[in-house]
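FYI, it's all coordinate maths here, none of it is from the lab. Nothing here was measured: the structure is a model prediction, and the numbers come from that model. Counting neighbours? That spans all protein chains shown, and the Cβs are built from the backbone with ideal geometry, glycine included.
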Amino acid sequence: MTKSQSAPTPLSQLAIGDEGVISKVGAEIRGLKKFADVGFIKGEKIKVENRAPLGGLLRVNVMGASISLHHDEAQHIFVRRQG
């Protein structure tokens, strides 16, 4: 299995600079519609831009926008890594 065909990984486990494609947004995530409205949908490219020093927040780029989300929310967003 190549990196582009890897098993889905929770967004919370990606490192700064990692890129991938969203494969699933768990239904248990609070504010599911809010996440869909800002681009967290299956098939959309995503890149981790930064992380808070103590691991509370992640900043990601999705659909050309920088968005911050909590680590516990990122655990319900699954990504297939690329590159």
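Here are a few things to note about the model shown:
- Partners of LYS34 within straight-line reach, counting aspartates and glutamates whose Cα lies under 19 Å from its Cα and excluding those fewer than 8 residues away in the same chain: GLU44, ASP72, GLU73.
- Taking 0.36 nm per residue of separation and subtracting the Cα-Cα distance, full extension of the segment from ASN50 to LEU32 would add 4.2 nm.
- Rounded Å value of the spacing that divides the Cα centres of the stretch 1-54 and the stretch 59-83: 4 Å
- Our estimate of slack between MET63 and THR9, defined as 0.36 nm per intervening residue step minus the Cα-Cα distance, is 17.5 nm.
- Kirkwood-type radius of the chain, with distances r between different C-alpha atoms, in Å: 12.5 Å
- Long-range HN-HN contacts of SER6 with modeled amide H, under 5 Å: ARG81
- Calculated mean residue ellipticity, 222 nm, the chain: -2500 deg cm²/dmol, from DSSP H runs (n ≥ 4) at -39500 (n - 2.57) each, averaged per residue and rounded to 500.
- Sparse packing (at most 11 other Cβ atoms within 10 Å of the Cβ) combined with a DSSP loop state is found for the following GluC sites (Glu not before Pro) in the stretch 1-74: GLU28.
- Those trypsin sites (Lys or Arg not before Pro) in the chain that DSSP places in a loop and that have at most 12 other beta carbons within 10 Å: ARG30, LYS42
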